[in-house]
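Okay, structure first, notes after.
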Amino acid sequence: MRLKGKTALVTGGRQGIGRAIVERLADEGARVMTCGRAYRPSDLPKEIGWQVADVSDGASVRKLAGQVRATFGGLSILVNNAGVQIEKTLAETTDADWDRLMGTNAKGVFLCCREMIPLMERGGSIINIGSVSGNTADPGLALYNASKAFVHGLTRSIAVDHGPAIRCNAILPGWIMTGMADAAFALASDPDRAKADALSRHPAGRFGQGSDIAALAAWLACDEAGFATGQCYTLDGGLTAASPLNPGLF
Ligand SMILES: NC(=O)c1ccc[n+]([C@@H]2O[C@H](COP(=O)([O-])OP(=O)(O)OC[C@H]3O[C@@H](n4cnc5c(N)ncnc54)[C@H](OP(=O)(O)O)[C@@H]3O)[C@@H](O)[C@H]2O)c1
């Protein structure tokens, strides 16, 4: 119960990583609200608040901030998790792709931070979900990679400008088995082979689960992590630890 007495907003908690974070923060004692672009999921525990909100839309995020204030009075934890992926190179990317992807992954994080920071009058912890793809370029994910690099940079700026009252960190997941990961593997010419190859590159011997990310998010949210700010924490089962040079040579 490390989060007893705290209030949390997690964006994009319908499914996947966001849902795992919602449930973990609630298990640790926080009062939690989450949001998505449509109806409340029928299996969301009743003690979790749900708001319809589109993080890429300024008016929608301002309304969400009003709902957080009306419900909780203030906010201790913000998890910017909502995100989309578009599998295209830069040359294939349309203006509409830019608006959808950067609107959600970059502008959405900016808007939520800007509108929620004033609610963190008693101090707060912001946790942004970045990606290992923001540090090294995954082929065919040009804007996605760039959007996550933006998130990592904004994380450091918020920590520098708003500390010590507000701590801000990013979690950089590797392969986490969610709908987004399934969709990416499905695009490969041989999805089973692509999955087996990716798995073989994990020193941990497995892909990640939403609960892995949720465990780190819960620690970053709690007071025990008071010295942690302005950092990007990779959590990828060791995927990016290996040198890409000379695979299998020795
Ligand atoms: N899975 C991985 O391997 C992996 C790796 C690295 C980073 N990540 C990052 O982790 C985060 C979660 O990914 P995931 O794998 O859990 O994806 P997911 O299963 O596709 O879930 C994404 C969530 O984001 C919400 N969302 C999307 N656009 C939104 C918007 N404009 N406003 C509000 N909510 C929105 C969706 O909810 P609605 O449909 O209800 O709006 C959905 O609940 C993302 O930021 C992703 O980039 C994932």
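Relative to the Cα centre, the charge distribution of the range 89-145, modelled as +1 at Lys and Arg Cβ and -1 at Asp and Glu Cβ, gives a dipole magnitude of about 280 debye. When the Cα positions of GLY13, GLY74, CYS232 are compared along the charge dipole of the chain, GLY74 comes out farthest toward the positive end, with charges on each C-beta of Lys, Arg, Asp and Glu. Taking the protein heavy atoms of the range 7-235 in the context of the full set of protein chains, the accessible area attributed to carbon and sulfur is 53 percent at 1.4 Å. Counting heavy atoms of the protein chains alone, HIS162 has an accessible area of about 70 Å² for a 1.4 Å probe. Counting lysine pairs in the chain that sit 8 or more residues apart in sequence, or on different chains, and whose Cα atoms lie under 25 Å apart gives 10.
Taking THR11, THR136, THR155 in turn, the Gaussian network model of the chain (Cα-Cα springs below 10 Å) assigns the largest fluctuation to THR136. Each label point was placed 7 Å from the Cα along the Cα-to-Cβ direction; for ARG122 and THR240 their separation is 3.5 nm.
Within the set of other residues whose C-beta is less than 13 Å from the C-beta of SER147, count the net charge using Lys and Arg as +1 and Asp and Glu as -1.
On the way: positive: LYS88, ARG100, LYS107, LYS148; negative: ASP97, ASP99, ASP138.
Around SER147, the surrounding residues sum to +1.
Around the amide H of ASN128, modelled in the peptide plane, lie the amide H atoms of ASN80, ASN169, ALA170, ILE171, all under 5 Å away and 5 or more residues distant in sequence or on another chain. Dipole size of the range 37-90 about its Cα centre, with +1 on Lys/Arg Cβ and -1 on Asp/Glu Cβ: approximately 180 debye, rounded to the nearest 20. Selection among ALA165, ILE129, GLY153 by position relative to the dipole of the chain gives ALA165 as farthest towards the positive end (Cβ unit charges, Cα centre).
For the range 7-235, the solvent-accessible area of protein heavy atoms averages 46 Å² per residue (probe radius 1.4 Å; ligands and nucleic acids excluded).
The values are calculated or read from the model by the stated rules, or taken from the named source; none is laboratory data. Everything numeric here is computed off the predicted structure, so don't read it as measured data. Every residue, glycine among them, receives a Cβ derived from its backbone with ideal geometry; neighbour counts consider all protein chains shown. Note: areas computed on protein heavy atoms with side chains; ligands, DNA, RNA excluded. Shrake-Rupley method; radii C 1.70, N 1.55, O 1.52, S 1.80 Å.
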